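**Student:** Dumping the structure here so I can ask a few things about it.
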Amino acid sequence: MNIIALAGGAIAAGMLAQLLRRTNPEAAGALAVCAGVLLFGGVLTEAIPVLMEAETWLRDAGAKNPWITILLKCLGTCLVVQFAADCCRDVGEYALAGRVEFAGKAAVAVLSMPMFRAVLKLALELLA
């Protein structure tokens with residue numbers, strides 16, 4: 001991953017968006033969102049192989065794969081939700097950003113339900 005190129009592109013897009021904001025705020029918002037999507041895609045293409053390798057290491061070390069998978073899905077959900085909420089804020093939709101974050105929290109709760117169930121079952125077994 002060329003972080004210098006990503007950072008330079010982000011700075012250039014940010015400066016251009018600020019210049020456009022005075023004359024055409026809609027285009028500035030669209031530019032900011034498009035630049036963010038491109039940056040996110042660039043980072044994601046580099047991060048996916050690393051996450052797959054980490055999952056392989058954990059599986060080989062004897063970690064329970066379902067839990068690792070759930071944790072990685074929750075991490076991915078958090079990253080996507082944060083990105084979407086930031087894009088909403090970039091175009092001035094603060095209420096929508098809050099709803100996206102709420103939906104992300106609900107999604108993480110649903111994804112982690114099997115872990116909660118297993119912990120509750122273990123706790124009940126220990127109490128019995």
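The values are calculated or read from the model by the stated rules, or taken from the named source; none is laboratory data. Here the structure is a predicted model, which means the values were calculated and not measured. Heads up, the Cβs are rebuilt from the backbone with ideal geometry, glycines too, and the neighbour counts pull from every protein chain shown.
**Student:** Residues being over 18 Å from residue 82 (Cα atoms) and loosely packed, with under 12 Cβ neighbours inside 10 Å: count how many of those fall in region 20-55.
**Tutor:** Of the residues in that region, 7 qualify.
**Student:** A further question follows. Taking the condition in contact with an Asp or Glu (Cβ under 6 Å, 6 or more places away or on another chain) and either in a helix (DSSP H, G or I) or of a type outside the set (Ser, Thr, Tyr) (or both), does residue 32 pass?
**Tutor:** For residue 32, the condition - in contact with an Asp or Glu (Cβ under 6 Å, 6 or more places away or on another chain) and either in a helix (DSSP H, G or I) or of a type outside the set (Ser, Thr, Tyr) (or both) - is met.
**Student:** What do you reckon, is residue 71 without any contact (Cβ under 8 Å) to a residue 60 or more places away in the chain, farther than 30 Å from residue 17 by Cα, surrounded by 12 or more Cβ atoms within 10 Å (Cβ to Cβ) and not charged (D, E, K, R)?
**Tutor:** yes
**Student:** Quick one: would you say residue 76 is surrounded by 15 or more Cβ atoms within 10 Å (Cβ to Cβ), over 23 Å from residue 11 (Cα atoms) and in contact with a Cys (Cβ under 7 Å, 6 or more places away or on another chain)?
**Tutor:** Here the answer is no, as residue 76 does not meet what is asked.
**Student:** So, one more: Looking at region 1-19 only, could you name the residues that are among the hydrophobic types (A, V, I, L, M, F, W, C) and exposed (fewer than 13 other Cβ atoms within 10 Å of the Cβ)?
**Tutor:** 1, 3, 4, 5, 7, 11, 12, 15, 19
**Student:** Go through region 79-96 residue by residue and tally those that are among the polar types (S, T, N, Q) and loosely packed, with under 11 Cβ neighbours inside 10 Å.
**Tutor:** Looking only at that region, the number is 0.
**Student:** Hey, another quick one. Could you list all residues from region 46-105 that are outside any helix (DSSP H, G or I) and either modelled with pLDDT of 90 or more or under 30 Å from residue 29 (Cα atoms) (or both)?
**Tutor:** Those that are outside any helix (DSSP H, G or I) and either modelled with pLDDT of 90 or more or under 30 Å from residue 29 (Cα atoms) (or both): 91, 92, 93.
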